[in-house]
Amino acid sequence: MKISKFCFGCEALGGNDWGNVDLKEIEKSIQNALDLGINFFDTAAIYGLGLSEIRLSKILGKKRYEVLLATKGGLTWEKTNNGRAKVVKDSSKENIRKGILNSLSRLRIESIPIYYIHWPDETTPLEETFSTLEQARKEGLINKIGCSNFGLEQLIEIKEYCKIDFLQIPMNILEPFPKKLLDFSQTNNLKVIPYNVLASGLLTGKYDISTKFLKNDRRSRDPRFKDQVFINYLKKVDSLRKKAKDQNLTIAQYSIKEVLNQKSVESVIIGIKNTKQLEENIYSIFR
């Protein structure tokens, strides 16, 4: 299956951390995305503590077998009294096996097309984690293996234990691109799937110094959206507007296009909460 250049990010489908979310609007956006030819959907077990996977499967229905689903594991959680779960990195053999089976159940499929380790677990040897994934691939529980948020030295070591197919990393034009990781990916035939392409919304161009975020929005806790740091980022965004305008693109469309043009980048993950976002952002793929 040829992967669509636009990957529908389903974190908001979990219902947490991105402010007030209209699940019906996200469902409508997913249906519209399918109609537009998007066949790549990214989720994770931790998103909504399993809810994103469950809801995505329900919305896709039988079409879940016709698209490329990517999910992520290697984290455990415990609910707390303060409303936020306590999350622990755990990529042990036992937890990875359990996580794969749980994701299969929530997604209601027999094999996961792409399974990422969400974050490196410094307490578990990489050999244990990725040998477990290789065994799961041989059993048909997963098809492709991915790493999310891993560094270059870790990727070099992982090569000894299994073949990695996908690398998910944050990339956006407000920060220098990770050249060494991109070079490694090109040399080792790794498909790079960037996330945070719009810098948590900074590159949508819709925020200014007066913008306030609700407590249920992670940006209320993000240092990039506070004080002088926020002001500096807003100035960077303003400086990029002319480049976008010269190409007859919005700042968001320009930002997506620039990341897509980087070597080894196969598709970009864009978190979508409504059809307006979908329509604006997908336009950059066709330009």
Original post:
By the scheme Lys and Arg +1, Asp and Glu -1, what is the net charge of all other residues having a beta-carbon under 14 Å from that of residue 107?
Top reply: +4
**OP:** Would you mind calculating the gained length between residue 131 and residue 143 on full extension (0.36 nm times residue separation, minus the Cα-Cα distance), in nm to one decimal?
**Re:** 2.9 nm
**OP:** Could you tell me what percent of the accessible area of the chain is made up of carbon and sulfur, with a 1.4 Å probe and every protein chain present?
**Re:** 50 percent
Original post:
For the pair residue 65 and residue 163, how long in nm is the line joining their label points, each one 7 Å along Cα→Cβ?
Top reply: 2.6 nm
Subject >> List 65, 116, ordered by accessible area with a 1.4 Å probe, largest first >> reply: 65, 116
Original post:
Dividing the alpha-carbon Rg of region 93-147 by 2.2 N^0.38 Å yields what?
Top reply: 1.05
Original post:
In Å², what does the accessible area per residue of region 3-52 work out to with a 1.4 Å probe?
Top reply: 35 Å²
Original post:
Ignoring ligands, DNA and RNA, what accessible area per residue does region 192-287 give at 1.4 Å, in Å²?
Top reply: 52 Å²
Subject >> Length gained when the stretch residue 210-residue 228 is fully extended (0.36 nm per residue, less Cα-Cα span) >> reply: 5.2 nm
Original post:
Each residue of region 263-272 in turn: what ³J(HN,Hα) in whole Hz from Karplus with 6.51, -1.76, 1.60 and θ = phi - 60°, glycine and Pro shown as x?
Top reply: 4, 6, 6, 8, 7, 10, 8, 10, x, 10
Original post:
Rounded to two decimals, what ratio of Rg to Rh does region 217-287 give with C-alpha atoms and a Kirkwood Rh?
Top reply: 1.01
**OP:** Work from the charge dipole of the chain (Cβ charges, +1 for Lys and Arg, -1 for Asp and Glu, about the Cα centre) and give the residue of 256, 267, 166 farthest towards its positive end.
**Re:** 256
Original post:
How far is it, in nm, from the label point at residue 23 to the one at residue 79 when both lie 7 Å from their Cα along the line to the Cβ?
Top reply: 1.4 nm
Subject >> region 164-193 and region 64-95: distance between their alpha carbon centers, rounded to Å >> reply: 23 Å
Original post:
Quick one: if you stick a label point 7 Å off each Cα along the C-beta vector at residue 110 and residue 247, how many nm between them?
Top reply: 4.3 nm
Original post:
Quick one: how many Å² of residue 67 are accessible to a 1.4 Å probe, rounded to 10?
Top reply: 10 Å²
Original post:
Magnitude of the Cβ-charge dipole of the chain, K/R +1 and D/E -1, about the Cα centre, nearest 20 debye?
Top reply: 760 debye
Original post:
Under 5 Å between amide H atoms, partner at least 5 residues away or on a different chain: which partners does residue 142 have, H built in plane at 1.01 Å?
Top reply: 112, 137
**OP:** Quote the relative contact order of the chain in percent (integer), defining contacts as alpha-carbon pairs under 8 Å separated by 6+ residues.
**Re:** 21 percent
Original post:
Amide H to amide H, which residues 5 or more places from residue 217 or on other chains are under 5 Å from it, using H placed in the peptide plane?
Top reply: 19
Original post:
Among 180/245; 144/243; 72/179; 79/138, which pairs are too far apart, with a Cα-Cα distance over 32 Å?
Top reply: 144/243; 79/138
Subject >> Space enclosed by the convex hull of the alpha-carbon atoms of the chain, per residue, Å³ >> reply: 135 Å³
**OP:** With no solvent and one equal point scatterer placed on each C-alpha of region 54-101, evaluate the Debye formula and give log10 I(q)/I(0) for q = 0.21, 0.23 Å⁻¹, two decimals.
**Re:** -0.86, -0.90
Original post:
Average projected area of the Cα convex hull of region 177-229, in nm²?
Top reply: 5.1 nm²
Subject >> Within region 1-148, percent of DSSP bridges classed antiparallel, to nearest 5 >> reply: 20 percent
Subject >> Cα gyration tensor category, rounded, prolate or oblate, for region 1-135 with a/c compared to 1.5 >> reply: oblate
Original post:
Taking Cα pairs under 8 Å and at least six residues apart, what relative contact order does region 55-125 come out at, in percent?
Top reply: 41 percent
Subject >> Viscosity 0.692 mPa s, 37 °C: Kirkwood-radius Stokes-Einstein D of region 100-189 over Cα pairs, µm²/s >> reply: 234 µm²/s
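The values are calculated or read from the model by the stated rules, or taken from the named source; none is laboratory data. What you see is a predicted model, and the numbers here were worked out from it, not measured in a lab. Don't worry about glycine lacking a Cβ; one is built from the backbone with ideal geometry, like all the others, and counts go over all protein chains shown. Only protein heavy atoms, including side chains, enter the accessible area calculation; ligands, DNA and RNA are left aside. Shrake-Rupley method; radii C 1.70, N 1.55, O 1.52, S 1.80 Å.
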